[in-house]
Amino acid sequence: MALMRKKKKMADLADPHDLYQRSVQDTEAEIDFVLETWNALRDRPAGVLREDFCGTANTACEWVRRSEDHYAIGVDIDGDVLDWGVRHNLTTLDADESERIDLLQGDVLEADCGAADIVLAMNFSYWLFRSRPELLAYFRSVFDGLSEDGIFVLDAYGGYDAPREIEESRECDGFTYIWDQADFNPIDSGMTCHIHFEFPDGSRMDRAFSYQWRLWTLPEIRELLLEAGFVSAEVYWEGTDEDSNEGNGIYEPSEVGDADAGWICYLVAQR
Ligand SMILES: C[S@@+](CC[C@H](N)C(=O)[O-])C[C@H]1O[C@@H](n2cnc3c(N)ncnc32)[C@H](O)[C@@H]1O
């Protein structure tokens, strides 16, 4: 009697970190923004970038690729995700680039890695600090970890869909990305969100990533950045493409935004 081997589904064969990088991250656009912003604010080239909550260190790799004067330090608490980044991202760097990147396993609150010109906290990771004192402590530790003219670049999202318990899906190359705002508590603004992936064969990777965080507002974040000691905390809002009426990918300092259903912006705090 022949043994029947069950054919593996696409979800079983896929790698969640690879899917995350391909659906969530745009490290080239991120580093373009960081460099343009630094060059607009400072008269010297930037050297050291610290990527907090670096995960697979994809963005840190992009930083060292851009210039032989660029150094990167990635900080993440999870040794497994850092290992994945070493195996899949750092191996794509040439010998000189690899010399200029270090990964540190630990809590961002205790990151002690010398003065950085730029600290990056992307994809809302700092929202895991759910109280004012906790977020202030993090912002103070970033302030202390910057060179005297250093800048802190972070992102935020919002809009009237942000606190709703809804799912949004987006087609990617070979799979569907699903953002699931599973639970929102209006009393403390605590949220549970998940990322799921679906595949053309009907299989699904459920809760590939889950986040428990607080939906912070821009005025709260700016006030805490100033309280932590930064001299400014500017919001960089995305412009609108006149033909499509969609975002044009160009972020500029602004004091007025649009009351849209969903927006993503950058914040830049100067030490
Ligand atoms: C949403 S991922 C962010 C990945 C990447 N920064 C990006 O832009 O897509 C959040 C990461 O933060 C890490 N993390 C959570 N708490 C942390 C902490 N206290 N210190 C350092 N890393 C932490 C997790 O291990 C995870 O890799």
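The values are calculated or read from the model by the stated rules, or taken from the named source; none is laboratory data. On a predicted model such as this, the values are computed, not experimentally measured, just so you know. Glycine gets a Cβ as well: all are built from the backbone with ideal geometry, and neighbour counts include every protein chain shown. We work out accessible area using only protein heavy atoms, side chains counted, and drop any ligands, DNA or RNA first. Shrake-Rupley method; radii C 1.70, N 1.55, O 1.52, S 1.80 Å.
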Could you do me a favour and compute the accessible area per residue for region 161-213, 1.4 Å probe, result in Å²? 54
Between L90, V64, A14, whose Cα lies farthest towards the positive end of the dipole of region 1-93 when Lys and Arg beta carbons carry +1 and Asp and Glu beta carbons carry -1, centred on the Cα centre? A14
Taking the simple approach of a point 7 Å from Cα along Cα-to-Cβ for both I77 and T92, what is their distance in nm? 2.7
When the solvent-accessible surface of protein heavy atoms is calculated with a 1.4 angstrom probe, in what order do E227, E51 fall, highest first? E227, E51
Where the only charges are on Cβ atoms (+1 Lys, Arg; -1 Asp, Glu), what is the dipole of region 161-213 about its Cα centre, to the nearest 20 debye? 120
Can you give the accessible area of T240, probe radius 1.4 Å, in Å² rounded to 10? 70
Give me the compactness ratio for the chain, meaning the Cα radius of gyration over 2.2 N^0.38 Å. 1.05
So how far, in whole Å, is the C-alpha centre of region 193-235 from the one of region 19-50? 18
For the chain, the accessible surface attributable to carbon and sulfur atoms (probe 1.4 angstrom, ligands and nucleic acids excluded) amounts in percent to 47
Need one word for region 154-268: rounded, prolate or oblate. Basis is the Cα gyration tensor (sqrt eigenvalues a ≥ b ≥ c); a/c below 1.5 gives rounded, then a/b vs b/c decides. oblate
Do any GluC sites (Glu not before Pro) in region 129-185 lie in a loop, going by DSSP, with at most 14 other beta-carbon atoms within 10 Å of their beta carbon, and if so which? E165
Cα-based Rg / Dmax (Å) for region 8-71: 15.1, 55
When a/c is below 1.5 the answer is rounded, else prolate if a/b is larger than b/c, else oblate, so apply that to region 161-213 with a ≥ b ≥ c taken from the square roots of the Cα gyration tensor eigenvalues. prolate
Computed, not fitted: 222 nm per-residue ellipticity of the chain from DSSP H runs ≥ 4 (each -39500 (n - 2.57)), nearest 500, equal to -8000 deg cm²/dmol
Candidates C61, C113, C193; GNM for the chain (alpha-carbon contacts under 10 Å) flags as most fluctuating C113
Region 111-268: antiparallel DSSP beta bridges as a percent of all, rounded to 5: 90
